[in-house]
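Enquirer: One structure is given below, represented as structure tokens, and several questions about it will come after.
The values are calculated or read from the model by the stated rules, or taken from the named source; none is laboratory data. In this text the structure is predicted, and so the values were computed from the model without any measurement. Every residue, glycine among them, receives a Cβ derived from its backbone with ideal geometry; neighbour counts consider all protein chains shown. Calculation scope for accessible area: heavy atoms of the full protein, side chains included, ligands and nucleic acids excluded. Shrake-Rupley method; radii C 1.70, N 1.55, O 1.52, S 1.80 Å.
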Amino acid sequence: MLQVDFTNIDVARIGPDRGVEWERELEAAAPKLAAARDSLWQRAGDPAAMLGWVSLPEATDILRTIQRFATQRSDVTDVLVLGIGGSALGARALDAALGGAGARLHFIDNVEPEPVAALLDRLDPRTTLVNVISKSGTTAETMAAFLLALGWLRRSLGEDWRRRTVVTTDPSAGLLRPFAARHGLTAFEIPPDVGGRFSVFSPVGLVPLALAGVEVEALLAGARKANAAAADEIAANTPAQTALAQYLAWREGRHISVLMPYSSRLSLLPAWFVQLHAESLGKARDRAGSRVHVGPTPLPAVGASDQHSQVQLFREGPHDKVVVFVRHRESDRDLVLPAEDELEELGYLFGKSLFRLLSAEAAATAHALAEARRPSYTIWLERLDAYNLGWLLQHLMWQTAFLGELFNVNAFDQPGVELGKRYTYALLGRPGYEDLAAELRRAGVEV
Ligand code: PA5
């Protein structure tokens, strides 16, 4: 279950009557948020709207296929995931939080030779499955990793490389789909109306996570709860409410949005969130084409570790941040701190549980920020399991979509990213990019 506590969002007050201003703002914004909700749900059936991620949690037929596939491949000890951005970050965050029961996941999402070579040296091609993931089926970093992985498999396995290669890509666009068909490879589809950073509950995330032994069915059940909340009246619509909190913070000049889970298992979640918010909301133009240059800057943090690093800045630095804590109510395991006669001064810890200490750290930080008039709110999860994390990720995708409506920008394109990709192709001499290559030469850009 996901709940949000907005107690510390209202920086005008601390103390028992805080939250009054927030209640007023929420009431005033309710008609606008309701219009945003209705517009998003109306557009959800239109393939051009890129809202296909909304219905992914309902796609139980695809889920069954993936589960069957994972069961058939129980001989796999390691999965080498080749993908970048939205094609890697979600699975990586959820594997870090929930993996461990199945195959080990490894990600190549950069083109730095040393780590790639070290990883290939370490893995055994006879028990490794290569899952190449690219929506466009053309991204240079992923294609480069795929070329290397193919050579690596072929050298060890000969013709058997096909059984060790799985492709996840668009049903028709790009180079991977025809390659998979030609070689009879297992191939999964990324629906055309699902963008990379919204694709974690498509085969992009579900295939590696199922192989890693994550309860993918529970992930989708949680995500469906976020869908229900996003369709609800505004008073109960948690994604609309957190979007409003983010939007109001931005309007007040708090342009940095910190995501700070109190859990090392969630330490990679902020990286997924950074891409989600940055690519969706960092836009030069609104939907009417006017220049706007909007977008909160997402900043990752992890509690309690960052209390001894960034929290000093959050509390006493510029008034330019809103901090979002992610906390869980119950821990699956706990450790009781034993008494130690020779360390009497630590008596305040004796007999307390480690989880209680973590909880105290989070509550203390939230209050330290509130006391310095720094806004924050807390997303509460029942526990850190697949159901709750499915709910959280889909909640954050809905929050992003609502923010797109509030900023009046297209949250589902990424022209800045695409331009960088095209410049890379031009610099490397890809046919069809001669004009861009000439532009780069004129600008003095070279490799
Ligand atoms: O969210 C997005 O669309 C991007 O960040 C992509 O995920 C990223 O660029 C990788 O693209 P592709 O999956 O086409 O290789």
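Enquirer: Pick from 406, 147, 396: which is most flexible by mean-square fluctuation in a GNM of the chain where alpha carbon atoms under 10 Å apart are linked?
Expert: In the Gaussian network model the winner is 147.
Enquirer: Looking at the chain as a GNM with Cα springs under 10 Å, which of 235, 210, 366 has the largest mean-square fluctuation?
Expert: Top of the fluctuation ranking is 235.
Enquirer: Then there's this: Is the stretch 52-214 best put as rounded, prolate or oblate by its Cα gyration tensor, with a ≥ b ≥ c the root eigenvalues, rounded for a/c under 1.5, and otherwise prolate when a/b is larger than b/c, oblate when not?
Expert: rounded
Enquirer: For a quick check: with amide H placed at 1.01 Å from N, whose amide H comes under 5 Å from residue 166's, ignoring anything fewer than 5 positions away on the same chain?
Expert: Those qualifying (amide H under 5 Å, at least 5 residues apart or on another chain) are 130, 131, 132.
Enquirer: Please list, in order along the stretch 173-190, the HN-Hα scalar couplings obtained from phi with the Karplus expression 6.51 cos²θ - 1.76 cosθ + 1.60 (θ = phi - 60°), rounded to whole Hz, x for Gly and Pro.
Expert: For the stretch 173-190, the Karplus-derived couplings read 6, x, 8, 6, 4, x, 5, 4, 5, 4, 9, x, 7, 5, 9, 10, 9, 9 Hz, x marking Gly and Pro.
Enquirer: While we're here: Which semi-axis lengths, in whole Å and largest first, follow from the square roots of five times the eigenvalues of the Cα gyration tensor of the chain?
Expert: In descending order the semi-axes read 37, 29, 22 Å.
Enquirer: With only Lys, Arg, Asp and Glu charged, each at its Cβ (+1 for the first two, -1 for the last two), find how big the charge dipole of the chain is about the Cα centre; round to the nearest 20 debye.
Expert: 1260
Enquirer: Only sites in a loop by DSSP and with at most 14 other Cβ atoms within 10 Å count here; which GluC sites (Glu not before Pro) in the stretch 139-236 make the cut?
Expert: For GluC sites (Glu not before Pro) across the stretch 139-236 that sit outside H, G, I, E and B with at most 14 neighbouring Cβ atoms in 10 Å, the list reads 233.
Enquirer: For a test of the definition: using alpha carbon positions, the gyration tensor, and the 1.5 limit on a/c, classify the stretch 228-274 as rounded, prolate or oblate.
Expert: Oblate, because a/c is 1.5 or more while a/b does not exceed b/c.
Enquirer: Heavy atoms only, probe 1.4 Å: what % of the accessible area of the chain goes to carbon and sulfur, would you let me know?
Expert: 53
Enquirer: Could I ask something else about it? Just to check I understand the Karplus step: with θ = phi - 60° and J = 6.51 cos²θ - 1.76 cosθ + 1.60, what whole-Hz values come out for the stretch 51-62, glycine and proline as x?
Expert: Computed from phi, the couplings for the stretch 51-62 are 10, x, 4, 4, 8, 4, x, 8, 7, 6, 5, 5 Hz.
Enquirer: Can you list residues whose amide H is under 5 Å from residue 299's amide H, if they're 5+ apart or on another chain and H is modeled 1.01 Å from N?
Expert: Long-range HN contacts for residue 299: 257, 258, 259.
Enquirer: Follow-up question, since we're still on this one. Multiply the residue separation of residue 68 and residue 39 by 0.36 nm, subtract the distance between their alpha-carbon atoms, and state the gained length in nm to one decimal.
Expert: Gain on stretching residue 68 to residue 39: 6.8 nm.
Enquirer: While we're looking at this one, here's another question. Which residue, 112, 279, 25, has the most motion in a Gaussian network model of the chain that connects Cα atoms within less than 10 Å?
Expert: 112
Enquirer: Using θ = phi - 60° and the Karplus curve 6.51 cos²θ - 1.76 cosθ + 1.60, what whole-Hz ³J(HN,Hα) does each residue of the stretch 410-420 get, with Gly and Pro shown as x?
Expert: Karplus-based 3J(HN,Hα) across the stretch 410-420 equals 7, 7, 10, 10, 8, x, x, 5, 4, 5, x Hz.
Enquirer: Whole Å is fine, so just give me how far the alpha carbon centre of the stretch 158-172 lies from that of the stretch 347-416.
Expert: 38
Enquirer: Averaged per residue, what accessible area in Å² does the chain show with a 1.4 Å probe, protein chains only?
Expert: Here the per-residue accessible area is 45 Å².
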